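Have a look at the structure below before the remarks.
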Amino acid sequence: MLAMLAAGAAGALATLYFSDLEMEGVRVWIEALIDEIRTWPAVLFFLMVALLPLIGFPISPLFIIAGVRFGITWAIPFSMAALAVNLVMAYWFSTRLLHRVIEKIVNMWDYSIPKASPENAFKWVFLVRISGAPLAVQNYILGLAHVPFWPYLLVSMAVQSFFVVGIILFGESFLSGEMGKALLGLAIIVIALGAFSYFRKHYAESKSGPIDTSGPGD
């Protein structure tokens, strides 16, 4: 995520340097784009956040667009609601509608996904969510692992909430020129990434084998 932000900033600077655009022209273009986005219907954003990540579309740009469209106050609960719908749909697809299809694709690549037990479901979901894999991949892995629904939804929403708040705060504030809030949003993202990286390393050092998927008495 940090690499994407850095690449975007570098691309913008390169465009300014190698083109005839001036800062005033860029500002006018950004304002025109923001004004255009604000005319789009709210249902369009809800459907974009709920549906596009199901096919692997990155969700971070959609949160930025939501911040531009609704402002920080409304964009956060709006995006969280749309994200919840996305997670529920992905769970249904991966555990019901497309379970066998996804499982065959995984088997073709010689991957084996263990089945989670109710006793370790919360840890299972947390470790997958902080893995750094794309959201769609995380969703389908958890579905194939038969993770119970409520641990899947609650832990997923908790982990994703840091990125929803950070990305919306950073994107909307950066585009509107409020650098103080933009830095706050970036700080939230950096802290979350650092904390999740620590948990990944801590778990890798404390466990020499795969996650225990057996229940008591197995």
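We did not get these values from a lab; they are worked out from the coordinates using the rules stated. On a predicted model such as this, the values are computed, not experimentally measured, just so you know. Here the Cβ positions follow ideal geometry from the backbone for every residue, glycine too, while neighbour counts run over all protein chains shown.
The tail of the calculated P(r) for segment 25-206 beyond 31 Å holds 22 percent of all Cα-Cα pairs.
Ordered by packing density, taken as the mean number of other Cβ atoms within 10 Å over each peptide's residues, highest first, how do 165-173, 77-85, 52-60, 195-203 rank? Present the calculation step by step, with values, prior to reporting the outcome.
Numbers: 165-173: 23.9, 77-85: 18.4, 52-60: 15.7, 195-203: 12.8.
Per-residue Cβ counts within 10 Å, averaged per peptide and sorted highest first, yield 165-173, 77-85, 52-60, 195-203.
Taking 0.36 nm per residue of separation and subtracting the current Cα-Cα distance, fully stretching the chain between Leu52 and Val85 would add 10.7 nm. Rounded if a/c is under 1.5, else prolate if a/b is larger than b/c, else oblate: which is segment 25-96, with a ≥ b ≥ c the root eigenvalues of its Cα gyration tensor? Judged from the Cα gyration tensor, segment 25-96 comes out prolate (a/c at least 1.5, a/b above b/c).
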